Amino acid sequence: MAAKDKVIITCAVTGAIHTPSMSPYLPITPEEIADAAIGAAEAGAAIVHLHARNPENGQPDQSPEAFAPFLKVIKQRSGCVVNITTGGAPTMAIEERVRPAATFKPEVASLNMGSMNFGLYPMLKRQKEFKYDWERPYLEESVSRIFKNTFADIEYILSTCAENGTRFEIECYDIGHLYTLAHFADRGIVKPPFFVQSVFGILGGIGPHPEDVAHMKRTADRLFGDQYRWSVLGAGRNQMAIAAQAAAMGGNVRVGLEDSLWNGPGELARTNADQVARVRKIIEGLGKEIATSDEAREILELKGGDKVAF
């Protein structure tokens, strides 16, 4: 089977949405993040999408110093594609969010394609007790917080990383974000092939209905034709259903504890590798094959793991 016909699994191992009190299995320390990424790669993830956290309290940390320890370990122990977030957390300024990608020059960096309401506060309904004093306000204040990604912010990230050979996981939380990508493509600021990560089920973005998934794909097809590669992530309980739909439609998938803490109804995922294994079964059950890291590099036209700065 040609590489282009294979399904790329991305695993986002910790993120900045969930707080430590929500799951004892959420990777927090550099060692935990490295082990989670390597385990996901061994289970079949071609790409690992990485955030950093303060190892003392689990708070999102976008300093290059927080990323360095696990980036080096992952590179030593795995040949997977490393994707460094520029999303960071909604509480962070754009200059802070871009620093790790600018410093380490990864093969892939994430890039959010628009400002949006990013509602985390409904999680308070099921999470009543917190270990750390930052967790509750972080969730509560999302009711009035804008996740800021203006046209100027997007261009700042693209221009800051322009000479690094980094490609982007272009995160589109709604239909308008696809048109924003088309705008930057028309200006020649970002070049194909585009790796479009459609995000479903975040409060403030597009919903998780199958028609929402199909609408996102139809719109991207119309705007970008054969110049993009489509991937999806479903938040929370939507994770596997949306992955299955997208894989059946010829798309790629993203899983991981950043997007969902669950491995089934009422069952916390103990590792990121568990989720990778589950989605791999879905993909292979559809008669498809997963892409290796090197095949993902070929499909996405990445620069190679020997050209990063870590």
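Tabulated data
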read-out: Segment 28-41 residues that are farther than 18 Å from residue 16 by Cβ, paired with ones that are part of a helix (DSSP H, G or I) and small (Gly, Ala, Ser) (beta carbon under 6 Å, 6 or more apart); value: 39/273
read-out: The lone exception for residue 230 - which of (1) assigned to a loop (DSSP other than H, G, I, E, B); (2) in contact with a Lys or Arg (Cβ under 8 Å, 6 or more places away or on another chain) it fails; value: (1)
read-out: Residue match in segment 44-63 (condition: surrounded by 17 or more Cβ atoms within 10 Å (Cβ to Cβ), part of a helix (DSSP H, G or I) and more than 16 Å from the chain's Cα centre (by Cα)); value: no
read-out: Criterion violated by residue 152 - all others in (1) among the small types (Gly, Ala, Ser); (2) surrounded by 19 or more Cβ atoms within 10 Å (Cβ to Cβ); (3) part of a helix (DSSP H, G or I) satisfied; value: (2)
read-out: Scan of segment 252-310 for residues that are free of Cβ contacts under 8 Å to residues at least 60 places away in the same chain, buried (at least 19 other Cβ atoms within 10 Å of the Cβ) and under 26 Å from residue 166 (Cβ atoms), ordered by number; value: none
read-out: Odd one out for residue 81, checked against (1) over 21 Å from residue 32 (Cα atoms); (2) in contact with a Lys or Arg (Cβ under 7 Å, 6 or more places away or on another chain); value: (1)
read-out: Sole residue being among the small types (Gly, Ala, Ser), within 22 Å of residue 149 (Cβ to Cβ) and surrounded by fewer than 20 Cβ atoms within 10 Å (Cβ to Cβ), chosen from 235, 248; value: 235
read-out: Which listed residue is at pLDDT 95 or above, crowded, with 24+ Cβ neighbours inside 10 Å and assigned to a loop (DSSP other than H, G, I, E, B), from 91, 86; value: 86
read-out: Tally, over segment 1-36, of residues that are surrounded by 24 or more Cβ atoms within 10 Å (Cβ to Cβ) and part of a helix (DSSP H, G or I); value: 3
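The values are calculated or read from the model by the stated rules, or taken from the named source; none is laboratory data. Bear in mind that the values here come from a model prediction, so they are computed numbers and not experimental data. We place every Cβ from the backbone using ideal geometry, glycine too, and count neighbours over all the protein chains shown.
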